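Read the structure below first, then the notes.
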Amino acid sequence: MSKKLNRRDFLKVAATGLAGAVLASCKPAATPTPETGEVIEATPTPKAQQEVAAVLGTFPRRETLIARQLTGRVGSPDNFNLWVGWKWQDRGIQNLADEPLWSVDFATGNIINGLAEGDPTYSSDFLSITVPLRKGVAWNDGEPFTAADVVYTVETLMKYDGLNGHTFFVDNVETVTALDDHTVKFTLKKPNSRFHTTFLDRWGCTRIMPKHIFEKEEDPVQFPFNPYVGCGPYKLHSYDPQGFWTAWERREDWDKSPTGIMYGMPQPKYIIIQAFDTEGAQILAQLQHQLDVAELSADGLKALLAQSKTSRAYQPTFPFVVNNDPCITGIVFNHARPPFDNLDVRWALVLAIDIVEYMSIAVDSTGTVSAIHVPHLGPYPKLYHRPMQDWLKSFTIDVGNGETFAPYDPDVPKRIAEYARSRGYIFPDTPEFIENAFGLGWYKYAPDVAEKLLVKNGFKRDKDGKWLKPDGTPWKITYSCGTILTNHDARNAQAAVQQWKKFGIDASVLTIENLDALTSIGDFDVETVWPAREPWGAGPDLYRTLDDWNSAYLKPVGERTASAYHSRWSSPEMDDVIKRLRETDPFDTEKVVAIGTEGLKIAVKYMPTVPTYGYIGFVGWDEYYWTNWPGSENPYCAPYTHWPNFKYFTPFLKPTGA
């Protein structure tokens with residue numbers, strides 16, 4: 001019987017090697033905090049306040065929250081014009097200073113009304129849309145926010161082709177009108193029941209310009225928009241000219257931001273978003289209480305938790321990770337390259353995977369599996385995963401010679417849990433926990449059935465048991481992924497290749513610096529970006545997911561596909577689902593779920609790509625200065641500080657007074 005370890009003892013054992021290396025080699029980030037020369041002992045509940053050096057010599061530490069910047073050092077730190085090209089929005093623009101019309105909260109499954117007061121209203125023919133705006137909102141320079149700002153934004157984007165969104169608005173908008181100070185009406189050129197989603201913030205959306213500032217500029221494309229002026233609860237304080245940090249200060253009139261109106265005063269007076277060169281630098285900074293939010297690898301999180309008495313993970317017990325991100329990871333086949341256009345071959349590759357081993361290899365058993373092409377989080381278990389269980393159990397594939405096989409296995413989560421326990425992990429044994437941590441089911445490990453499917457299609461094994469293609473040549477599969485081996489594309493690649501090698505296929509991993517350049521034109525065997533485009537993360541609508549398989553987006557090999565991801569698969573059945581979903585009111589939940597379920601069943605039937613587990617994150621929160629983080633025991637908001645939702649949980653943080 002395996003020896004059971006408590007949380008901290010296990011983490012100490014698991015992290016011993018990494019922890020030593022981290023503390024021996026890591027250095028502080030390039031421009032973070034002043035050196036004090038003292039070692040700060042981690043004390044969960046300090047009895048008396050001590051003098052604490054100000055952050056960057058300016059910001060009182062007890063009033064300041066410091067978070068890691070996901071996208072790294074800012075390349076153009078003096079330019080905040082996010083309507084031109086790509087910008088480092090998580091430096092505090094999208095997550096602190098800006099307010100969109102609507103936001104997705106994937107932790108709760110809700111849509112948050114920001115600058116909008118409520119849902120948009122479409123005409124019955126989807127040729128017009130009216131949006132109510134929130135009253136009492138002001139830009140952080142004191143100017144009122146009105147419908148004129150929305151009208152100006154759209155008309156400006158349509159006027160200048162150098163601005164992001166230009167083509168979309170030119171193609172879709174006939175006119176945009178302010179009916180009054182707090183109502184906007186769009187007249188569209190063609191029916192579009194999802195037009196409003198361009199303003200729905202998930203990570204990136206069409207953001208609203210302050211008319212009173214931009215209208216004074218001769219060329220908005222060249223305007224650096226510095227300082228940034230938004231309707232969010234924070235305003236720009238300062239930034240590092242080298243791009244390593246950006247500091248934000250709570251507005252004095254925070255109650256004129258949607259965040260303040262809805263949730264109250266943000267608790268940190270100052271927030272610093274800081275880039276770190278290495279994971280080790282993050283760990284060292286948090287051990288010294290100079291980083292409140294770290295984002296690490298699995299091993300990095302173990303090292304941090306083993307050494308810090310005040311750090312915590314999203315989940316207080318195994319699997320520790322953030323497992324409610326609205327992205328599904330997995331395997332992407334290139335349907336433009338045989339034999340991946342063959343349904344039997346795709347199912348054979350699925351059934352050759354032992355998902356328990358796969359999850360151990362990929363993410364140390366910490367991911368939540370999903371047999372359908374949406375992640376197991378937010379509204380999707382209730383709307384799709386659970387209602388589809390009976391269908392999944394009854395679903396069969398044709399093995400040949402009159403034989404059928406039911407591939408779905410609802411016992412997979414239990415087996416993953418058993419494996420995790422065998423390694424010393426301790427966690428609750430309740431059905432609710434097992435579902436939330438490990439999912440509801442995946443597909444059976446059935447190499448014998450996989451063999452029948454391949455033999456049925458002319459494949460055979462050589463004398464060494466290796467698979468040969470129908471033409472007699474060795475079957476080789478190259479699985480392409482990016483160069484950061486801790487990312488989920490690489491983790492899926494390593495796990496799949498090991499499983500397929502075990503089955504007798506000559507499979508290998510190829511790491512590519514600019515993966516998208518090849519996958520977008522169809523130059524690959526198998527890859528992993530995402531097996532399906534991620535849904536909104538809130539509400540029932542799966543149009544964003546299913547529309548990526550629209551046959552209208554297909555391009556010849558050698559040309560960049562118009563879909564977001566690159567399987568190059570489509571079917572008449574899926575096209576019909578997409579069309580009917582596009583013509584359905586997105587707020588008609590019953591119809592949207594019914595059609596969305598049809599689409600998910602088609603995706604399982606044809607298995608154009610393989611969903612494996614939901615995207616997971618390894619977040620470390622320091623509770624020395626701030627508590628009441630939105631952890632798994634109280635997931636009141638999306639937990640990432642780099643997401644737009646960060647501003648919405650700042651009012652709920654609690655200072656410790658340390």
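The values are calculated or read from the model by the stated rules, or taken from the named source; none is laboratory data. These numbers come from a predicted model, not from an experiment. Cβ placement follows ideal geometry from the backbone for every residue including glycine, while neighbour counts extend to all protein chains displayed. To get the accessible areas, we keep the full protein, side chains included, count just its heavy atoms, and leave off ligands, DNA and RNA. Shrake-Rupley method; radii C 1.70, N 1.55, O 1.52, S 1.80 Å.
Points to keep in mind about this one:
- Where the range 463-504 is the region considered: accessible area per residue in Å², 1.4 Å probe: 48
- Annotation for the range 382-419 versus the range 225-282: alpha-carbon center distance of 47 Å.
- Unit charges at the beta carbon, dipole of the range 157-288: most positive-side option, His166, Cys231, Leu200: Leu200
- Nonpolar atom fraction for the range 39-187, defined as the carbon and sulfur part of the 1.4 Å probe accessible area, stands at 49 percent.
- Simple label model, 7 Å out from Cα along Cβ direction - Ser297 to Ile426, nm: 2.8
- Remark: the Lys190-Thr58 segment gains 42.2 nm on full extension, using 0.36 nm per residue and subtracting the alpha carbon distance.
- Taking a straight Cα-Cα cut-off under 25 Å and skipping sequence neighbours fewer than 8 places away in the same chain, the lysines within cross-link reach of Lys456 are Lys393, Lys444, Lys466, Lys469, Lys476, Lys501, Lys502, Lys601, Lys605.
- About the centre of its Cα atoms, the chain shows a dipole size close to 1620 debye [charges on the beta carbon of Lys, Arg (+1) and Asp, Glu (-1) only; nearest 20 debye].
- Accessible area of the range 535-584 belonging to carbon and sulfur atoms, whole % at 1.4 Å probe: 51
- Rounded to the nearest 0.05, the FRET efficiency derived from the C-beta distance between Ala517 and Ser124 at R0 = 51 Å is 0.70.
- Per residue, the range 131-243 exposes an accessible area of 41 Å² to a 1.4 Å probe, with every protein chain left in place.
- Note on the chain: antiparallel DSSP beta bridges, both residues inside, total approximately 75 percent of the bridges counted.
- Multiplying the residue separation of Trp391 and Lys463 by 0.36 nm and removing their Cα-Cα distance gives an extension gain of 21.9 nm.
- Among Thr511, Ile111, Ala148 - extreme Cα towards positive end, dipole of the chain, charges at beta-carbon: Thr511
- Glu527, Glu155, reordered so the largest accessible area comes first (probe 1.4 Å): Glu155, Glu527
- Cα gyration tensor shape for the chain, rounded if a/c is under 1.5, else prolate or oblate: oblate
- In the range 401-473, the portion of solvent-accessible area held by carbon and sulfur atoms comes to 51 percent [1.4 Å probe, whole percent, DNA, RNA and ligands not counted].
- Note on the range 534-568 and the range 109-185: Cα centroid distance 26 Å, given to the nearest whole angstrom.
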